[in-house]
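To keep things clear, I will list the structure first and then write my remarks on it.
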Amino acid sequence: MRTRLLGLAVLVTSLLALQPLQAQTPLPVVRAELTSPPLVPPPTGRKAPAKVIVELEVVEKEMSLSEGVSYTFWTFGGTVPGSFIRVRQGDTVEFHLKNHPSSKMPHNIDLHGVTGPGGGAASSFTAPGHESQFTFKALNEGIYVYHCATAPVGMHVANGMYGLILVEPPQGLPKVDHEYYVMQGDFYTAGKYREKGQQPFDMEKAIDERPTYVVFNGAEGSLTGDRALKAKTGETVRMFVGNGGPNLVSSFHVIGAIFDNVRFEGGTLAQKNVQTTLIPAGGAAIVDFKAKVPGSYVLVDHSIFRAFNKGALAILKIDGPEDKSIYSGKELDSVYLGDRAQPNLKAVATATQAAASGKLTLQDQIAAGKELFAGTCSVCHQAGGAGLPGVFPPLAKSDFLGADPKRAVGVVLNGLSGKVTVNGKDYNSVMPPMNQLNDDEVANILTYVLNSWDNAGGSIAADEVKKARASKPAAAAAAH
Ligand SMILES: [Cu+2]
């Protein structure tokens, strides 16, 4: 009798527990179709929200930036810009970010279409060979930039880590004949414009906002010749135009065309009859127009030296019969909150003042170094200095560091690559140069590291960093 009562009670409570689930019809589950630029996935065609699964993989790869110029791009989906994502307002998006095992860096994603801290960045930090998952509701319609927000953020964005996500309005966008995906970006190479060979990233040029290249879709010539965008006279063309930056604002213009409609800043209002539309770094617009006269139309950043001297030039080829009533003829050929955004750098300011007045103590250096380590080094070596197994070596009790503390100055200034053995384990990865840090900062960070987590102690002086910076980067090369 008692067991029967108990059984009944269990049945009743489980029914009660089920009720809210039954009341809510589960969303249909769909897998987002992602496309590589300049292609755009077809309209969702849905009249109701769905649960959309997005799978995006970060791949670091060597690609061409210009004829004979190669560059190590960091990509979302293997292309620059990254894969185009298309969802509908009201959708629940289950986002999977994978970081390919061959990657050297951790990455994450900040989608401007997400309502929530960091646009997903906080939930998507992904080490090489790992996958992260988070879910968001696409509350606002519009065209949104996404980008990597791993420190140093500028460097990740400068290496090509951006793309677009379209959140369609519930009724969809008006039908057009062609949809294209175009995104501008500025690139900073050690060599000059069109200097041949493998070109490394130049942090100093990036900080000074002096790009070597300004291009559409990740490379000079990515949309010219055989790769030009195409349409026929009488057809309507819509372009989703983004600007990944990291630094420049684009004055986007199509030579010889007038945009019939521009949803400027990616917002809901449409401006009509526009010649040039401003696209901020980290922003996007939707432009459309009707192809009326055949010929080659040149897409440019109308800050015109960028178009003709840095690569910001693409072609839309319109085929079809002439319309002499419109035109007579003759064709044209032709940290996130990283190192710089620490909310509290009080100890750094104190150390700077103390250094200026010649009263810098070991404690000042350690306190300042601690604040700088967070957001600069902790991204990889972790807050407690333990590193990540197989990827980032530990700084805590590191025998590599202990064997030659001064060598670490060169490691920070010049980076480190190739095989290193730390505490009996081999690492074969890449640490980027962190030479954006000034001499005081490097000295203080290393002093903090030497005096933390059971390391042997000691200190590094700003003068030593200054000397190392002035000498050739042999210190790091000799390190292994
Ligand atoms: Cu990244």
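The values are calculated or read from the model by the stated rules, or taken from the named source; none is laboratory data. These figures come from a predicted structure and were not determined experimentally. Positions of Cβ are backbone-derived with ideal geometry, glycine not excepted, and every protein chain shown enters the neighbour counts. Side chains included, ligands, DNA and RNA excluded: accessible areas come from the protein's heavy atoms. Shrake-Rupley method; radii C 1.70, N 1.55, O 1.52, S 1.80 Å.
Observations on the structure shown:
- Of the residues making up the range 117-140, those that are modelled with pLDDT of 95 or more and open to solvent by 40 Å² or more (accessible area, probe 1.4 Å) number 8.
- Lys104 falls short on exactly one of the conditions (1) more than 28 Å from Leu173 (Cα to Cα); (2) in contact with a helix residue (DSSP H, G or I) (Cβ under 7 Å, 6 or more places away or on another chain), and that condition is (2).
- Meets criteria (open to solvent by 50 Å² or more (accessible area, probe 1.4 Å) and part of a loop (DSSP other than H, G, I, E, B)) for Asn428: no
- Subset tally (residues that are over 10 Å from the mean Cα position of the chain (by Cα) and open to solvent by 10 Å² or more (accessible area, probe 1.4 Å)) for the range 152-190: 13
- Criterion: within 25 Å of Asp91 (Cβ to Cβ), of a type in the set (A, V, I, L, M) and in contact with a strand residue (DSSP E or B) (Cβ under 8 Å, 6 or more places away or on another chain) - qualifying residue of Leu223, Leu229, Leu173: Leu173
- Failed item, numbered, when Ala149 is tested on (1) under 26 Å from Val215 (Cβ atoms); (2) open to solvent by 10 Å² or more (accessible area, probe 1.4 Å); (3) in a loop (DSSP other than H, G, I, E, B): (2)
- For first residues located in the range 284-310 and on the phi > 0 side of the Ramachandran plot, partners that are of a type in the set (A, V, I, L, M, F, W, C) and assigned to a loop (DSSP other than H, G, I, E, B) and lie 6+ apart or on another chain with Cβ distances below 9 Å form the pairs Gly295/Leu332.
- Considering residues of the range 246-271 that are of a type in the set (A, V, I, L, M, F, W, C) and in a strand (DSSP E or B) only, the residue farthest from Gly282 (Cα to Cα): Ile255
- If you go through the range 105-129 and pick out every residue that is within 13 Å of the ligand (Cβ to nearest atom) and either aliphatic (A, V, I, L, M) or part of a loop (DSSP other than H, G, I, E, B) (or both), you end up with 9.
- When restricted to residues that are under 23 Å from Ile318 (Cα atoms) and open to solvent by 20 Å² or more (accessible area, probe 1.4 Å), the range 242-262 contains 7.
- Filter result for Phe76 (buried (at least 23 other Cβ atoms within 10 Å of the Cβ), within 14 Å of the ligand (Cβ to nearest atom), closer than 21 Å to Gly244 by Cα and within 17 Å of the chain's Cα centre (by Cα)): yes
- Only one of the listed residues (Thr72, Thr44) is touching an Asp or Glu at 6+ places or on another chain (Cβ under 9 Å) and assigned to a strand (DSSP E or B). That residue is Thr72.
- Qualifying residue in the range 92-104 (condition: out of contact with any strand residue (DSSP E or B) (no Cβ under 6 Å at 6 or more places or on another chain) and within 16 Å of the ligand (Cβ to nearest atom)): yes
- Selection of first residues in the range 359-373 that are over 16 Å from Asp463 (Cα atoms) and of second residues that are of a type in the set (Asp, Glu) and open to solvent by 30 Å² or more (accessible area, probe 1.4 Å), restricted to Cβ pairs under 9 Å at least 6 apart or on distinct chains, gives the following pairs, ordered by first then second residue: Ala368/Asp440.
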